[in-house]
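Rule-based calculations on the coordinates, nothing more; no lab input. Bear in mind that the values here come from a model prediction, so they are computed numbers and not experimental data. Reconstructed Cβ throughout: ideal geometry from the backbone, glycine too, with neighbour counts over all protein chains shown.
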């Protein structure tokens, strides 16, 4: 775990509770792995935060994701919630965005146990199902045609930049960082 990148902007750090809450309720995330040649591969996925792990699924057909996981279990998962773009200084480049994000590092494994896969899919449908649907619940006839992955989180950080109040934004307050534009 000591080879994981360190957090550079501690001033933007979210609490552990806020980070876990965001991870539990966010819509979708991006899972990153690395192939044998060192090329990163990122795939957007629906997910479930369950038992302190990030659970995702994909087709049983072998592709980039499965090949990468089989070769190296290290992975990274990211979610974000973008907010408003706002000015903080005199020039266009003195612009920022309100946001919240979570980045989780860990090791990913393939879940083979059918009962665990069933539990994952129940959690997935509980999270994403439209409550107005009138269909049988918890029926997964293609469960054996899907690969389920669980990312055991070794380190997770949440960061945020809240939207400043109007009186803290430019032109009411100028926080120009461009040296030539401070005049």
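The table that follows gives values for the structure above.
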quantity	calculated
Selected from 33, 19, 173 as most flexible by GNM, with the chain as the system and alpha-carbon contacts under 10 Å	173
Shape of region 37-97, Cα gyration tensor, a/c cut at 1.5	prolate
Spatial separation of Cα centroids for region 77-117 and region 7-57, in angstrom	7 Å
Shape category assigned to region 50-148 from the gyration tensor of Cα positions, a/c cut at 1.5	oblate
Shape call, region 1-102: gyration tensor on alpha carbons, a/c limit 1.5	prolate
Calculated FRET efficiency for the pair residue 161/residue 112, C-beta based, R₀ 45 Å, to 0.05	0.65
Inverse mean reciprocal Cα-Cα distance (Kirkwood Rh) of the chain, Å	18.9 Å
Cα long-axis angle, helix 16-25 against the chain (0 to 90 degrees, to the nearest 10)	60 degrees
Residue with peak Gaussian network fluctuation, the chain [Cα springs, cutoff 10 Å], from 152, 28, 168	168
Average Cα contact separation per residue, region 10-175, under 8 Å, 6 or more apart, as relative contact order %	30 percent
Choice from 94, 67, 16 showing the highest fluctuation, given a GNM over the chain with Cα pairs closer than 10 Å	94
CD proxy at 222 nm, helix term only [per DSSP H run n ≥ 4: -39500 (n - 2.57); per residue of the chain; nearest 500]	-5500 deg cm²/dmol
Computed over region 31-98: relative contact order in percent, which uses C-alpha pairs under 8 Å that are six or more apart	28 percent
